[in-house]
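One structure is given here, and the rest of the page talks about it.
The values are calculated or read from the model by the stated rules, or taken from the named source; none is laboratory data. Every value quoted in this text rests on a predicted model; they were computed, and no experiment measured them. All Cβ positions, glycine included, derive from the backbone under ideal geometry; neighbour counts span all protein chains shown. Surface accessibility is based on the protein's heavy atoms, side chains included, excluding ligands, DNA and RNA. Shrake-Rupley method; radii C 1.70, N 1.55, O 1.52, S 1.80 Å.
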Amino acid sequence: ETKKEADFITKHYHVTSEKILVIPNGADTPETNSQMIFDVIGKRCQYALEVARFDKNKNQINVIRGLKGTNTEVVFAGGPDFSDNGYYEECLEIAKDSPNIHFLGWLDTESELLKSAYVNAKVLIAPSFHETFGLSIVEGAMAGAVPVISNTLPILDYDVFHDCLTIDPNNPEDIRRQLEKAMLIENTPAFRAKIQEAFSWANIAEQHLILYRGLTNESF
């Protein structure tokens, strides 16, 4: 799904690079007119959204440490890792006295609340240490959010994300600064169009068809 994943396969599984084609995940643009998210968090505001299960790699805790007690609203969609509830509980404990930190828990991918959270988000934060791809980044950008991405993530290799704000995932203060900066930026229609073109299912399906045609020597 990314060049770094292809490099990993080449290095550790001894597959020649000529046999690897990098094709990203596709995504649908979240669409809804629902304002449900504001009813759930109890206020109408601009906010940063992270969509992920709670575990150490997803790094919600450093977002909370950086933003707790500030004027920047942060919404987390996702629940605890089923094999370890402790990290989620720790995040709840750290955030318990911060009215700007909101937890939605687990949401179905087709839920109206999740769509509402995406469509109304000002910023999509992806503070993970590692990802194979990072689908929520694409979905958030398609919906109109400004992406703020860990400087470790391979999705930054795609040209459309080259100019995005990045964060040091180990540094809560850097996360706070970059999120505050992102709150002042607009996700332009031109940027959204580039994201939608690059990661739409129509484009991704075409890339798969090109691959299959090459393997089967057939046209279809």
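Accessible area ranking (1.4 Å probe, heavy atoms, ligands and nucleic acids excluded), largest first, for Tyr212, Tyr88, Tyr118: Tyr212, Tyr88, Tyr118.
In units of 2.2 N^0.38 Å, what is the alpha-carbon radius of gyration of region 137-193?
Output field value: 1.09.
Label sites at Leu92 and His14, each approximated as a point 7 angstrom past Cα along Cα to Cβ, lie 4.9 nm apart. Each Lys and Arg Cβ is given +1 and each Asp and Glu Cβ -1; about its Cα centre, region 12-162 then shows a dipole of about 420 debye.
In order along region 67-74, the Karplus-derived 3J(HN,Hα) couplings, from 6.51 cos²θ - 1.76 cosθ + 1.60 at θ = phi - 60°, round to 10, 4, x, 9, 8, 8, 7, 10 Hz, and Gly and Pro are given as x.
Please go through the residue pairs Lys68/Lys96; Lys68/Lys181; Lys58/Lys181; Lys56/Lys181; Lys43/Lys122; Lys122/Lys181 and name each one whose alpha carbons sit more than 19 Å apart in this structure. Where the Cα-Cα span goes over 19 Å, the pairs concerned are Lys58/Lys181; Lys56/Lys181.
Over all pairs of different C-alpha atoms in region 69-183, the reciprocal of the mean inverse distance, the Kirkwood hydrodynamic radius, equals 15.0 Å. The alpha carbons of the chain give a radius of gyration and a Dmax of 18.3, 62 Å, in that order.
Using 18 Å as the cut-off for backbone N distance, which residues of region 85-120 belong to the label zone defined by a point 7 Å from the Cα of Glu31 along Cα→Cβ? Taking a point 7 Å out along Cα→Cβ of Glu31, the residues of region 85-120 whose backbone N falls under 18 Å are 110-120. Ordered by solvent-accessible area of protein heavy atoms (1.4 Å probe), largest first, the residues Cys45, Cys91 come out as Cys45, Cys91.
If R0 is taken as 25 Å, the Cβ-Cβ distance between Asp7 and Phe129 corresponds to a FRET efficiency of 0.90. Spin-label pair Trp106-Asn151: with each label point 7 Å from Cα along the Cα-Cβ axis, the two points sit 3.6 nm from one another.
Using the per-residue mean of other Cβ atoms lying within 10 Å as a proxy for protection, in what order, highest first, do the peptides 94-102, 138-146, 66-74 fall?
138-146, 66-74, 94-102
Provide the gained length on full extension for the span Asn85 to Tyr212, in nm with one decimal, where the gain is 0.36 nm per separating residue minus the Cα-Cα distance. Can you show the working numbers first?
Values: separation 127, 0.36 × 127 = 45.72 nm, distance 4.24 nm.
Taking Asn85 through Tyr212 to full extension adds about 41.5 nm, to one decimal.
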